Amino acid sequence: MKFSGQIILKAFLIFLISCLIACSGRKNKAIHRDIIPEKDLVEILADVHITDGLLSIPRINNLYANMDSLAAYVNVIEKHGYTKEIMDRTMRFYFMKRPKELVRIYDKVLGKLSAMESRLLQFNPSLNDLSSNYWQGEQFYY
């Protein structure tokens, strides 16, 4: 009798542990299913930052003057096939659950933007002089 009780107890514990592992796996899959994949997120964030830079140019900013301030960014997200809600959910997930991964993703975004800048400067070296000081006035005032 004692021998069969131990077998039943071990079988029950194995069953219980299996159920706990199976349930925790489903939860993680549900979380990951509703967010943008990392590869697409890098592309979207790079395009969002390019859009932000373009909107600092007055002629381009005037095109969006009568629209909602987020319209340009929503257009970028939708161009990649996602909605603003999915983007919000993705960013919330990375901010709250995986901030170190978000830093790694932004490192990839920075690398992508830097590569684009170096290609641009390679084809048009005169743009490299944009960092010079165009102010011809006095350097110091007393």
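The table below lists the values:
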read-out	value
Residue ranges of helices (runs of 4 or more DSSP H) in segment 33-126 with at least 2 members of a type in the set (V, I, T)	38-55, 71-79, 84-96, 99-123
Residue ID - surrounded by the fewest Cβ atoms within 10 Å (Cβ to Cβ), chosen from residues in segment 34-61 that are under 16 Å from D88 (Cβ atoms) and charged (D, E, K, R)	D34
Top-ranked residue of segment 65-111 - restricted to ones that are touching a Leu at 6+ places or on another chain (Cβ under 7 Å) and open to solvent by less than 60 Å² (accessible area, probe 1.4 Å), ranked as modelled with the lowest pLDDT	A72
Members of segment 76-95 that are of a type in the set (D, E) and more than 13 Å from the chain's Cα centre (by Cα)	E78, E85
Residues of segment 77-110 satisfying the condition of being more than 12 Å from L45 (Cα to Cα) and not charged (D, E, K, R)	G81, Y82, T83, I86, F93, Y94, F95, M96, P99, V103
Residue list for segment 112-127, filter: hydrophobic (A, V, I, L, M, F, W, C), closer than 18 Å to T51 by Cβ and open to solvent by 80 Å² or more (accessible area, probe 1.4 Å)	L120
Where K27 falls short, out of the listed (1) modelled with pLDDT of 90 or more; (2) exposed (fewer than 11 other Cβ atoms within 10 Å of the Cβ)	(1)
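The values are calculated or read from the model by the stated rules, or taken from the named source; none is laboratory data. Computed from a prediction, not measured in an experiment: that's the story for all the values here. With ideal geometry, Cβ positions are generated from the backbone for all residues, glycine too; neighbour counts draw on all protein chains shown. Note: areas computed on protein heavy atoms with side chains; ligands, DNA, RNA excluded. Shrake-Rupley method; radii C 1.70, N 1.55, O 1.52, S 1.80 Å.
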